[in-house]
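Data block below; observations after.
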Amino acid sequence: MKIIDTHCDGLMKLQFAKRGQYGYKLPMHFRNAEALDTNLERLKQGNVMTQFFAIFIDPDVPSDEKWQHALEQIDLFYTEVIGKNPEMKHIRSWQDLNGLTDGEIGAVLTLEGADAFGNDLMKLRQLYRLGVLSIGLTWNNANLCADGAGEPRGGGLTLLGKEVVKLNNQHGVFTDVSHSTVNGFWDIIELSDYPIASHSNARAICEHPRNLYDDQIKAMLAKNGLIHVVFNPPFINEDSETASISDFMKHIEHICSLGGVKQIGFGSDFDGISSFISNLENASDYQNLINELLKFYSEDEVRGFARQNFLDHLPVL
Ligand SMILES: [Zn+2]
């Protein structure tokens, strides 16, 4: 069954390799690098039809170097992910998803944290032009748009952050709530036409600030938003670095119990996580999850989780 996955950090690892950081080294070929959970061969084996690639700027990068880091990751997306692999097709607008043929894999560029553009909306407009189709205002740290989930102050969106959500609406770009504070979440729900949680689970099942409370899940569903559940064990089982597929399925079951069966998808967070669900350790394992889900849900429902719910909730301008 074909998959759409709304979050991975492969670009971050490609940048680490280019810069020789954290033990990553060149060559790191997107096609088959062992270090990449989402390399092309693994995406093919897992039957992933479209993978989202996040531009992520580490909070430790000095402010005046953040834009350069973002451009470097975008360049790696264009040269290493797309440029060297004819099967990889850049999804520049949502309509492009319809044009994918069998054997082709769509690649969507997303932004995880407005840190990349600071307060410079010219840079944000350039990101739209370069094909960014989903924007989370923060990672876990605070920035000029909002506080992130790890910021104890817990503030919502700044005026600039609210402006960015409105611009996202105008461009048919998702606003991603996955790293938001609770206050930031409610600001986004109020303002966003296209909210998505690209990689978050249910907080009723696992108490973690990256997960969503039931009232947040209900608000997302009421707003026609998407909730893509994430494979990171600490977001599945409290204070744990291990999880089974059945532990993970409790989150799906819970979101379904709140009415979400038609709005659930997957956002693995591969290449951004260091522990894994058993039998779901990189993109090539995706069908293990599908086979397990098919024991408990109808084929139609599982196809929804895998890709169709996402396709049914695309931004329409
Ligand atoms: Zn993340």
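Each value in this text was obtained by applying a stated rule to the coordinates, not by laboratory testing. Here the structure is a predicted model, which means the values were calculated and not measured. Ideal geometry is used to build each Cβ from the backbone, glycine not excepted, and the neighbour counts take in all protein chains shown.
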Report summary line: Residues whose modelled amide H sits under 5 Å from the amide H of Ile105, counting only those 5 or more places away in sequence or on another chain, are Met88, Lys89
Query raised in the report: Using alpha carbon centroids, what distance separates region 44-89 and region 102-130, in Å?
Result: 9
Query raised in the report: Quick one: what do you get for the chain if you divide its Cα Rg by 2.2 N^0.38 Å?
Result: 0.91
Query - Highest average packing first - 184-197, 22-35, Cβ atoms within 10 Å - result: 184-197, 22-35
Query - Whole-number percent relative contact order across region 3-311, with pairs defined as alpha carbons under 8 Å at least 6 apart - result: 17
Report task. Please give the peptides 141-151, 286-296 ranked by average Cβ packing (other Cβ atoms within 10 Å per residue), highest first, as a rough proxy for protection. Result -> 141-151, 286-296
Query raised in the report: For Lys13, what is the net charge nearby, where nearby means another residue's Cβ is under 12 Å from its Cβ and Lys, Arg count +1, Asp, Glu -1?
Result: -2
Query - Ordering of 119-126, 87-94, 271-278, 227-234 by burial proxy (mean other Cβ atoms within 10 Å per residue, highest first) - result: 227-234, 271-278, 87-94, 119-126
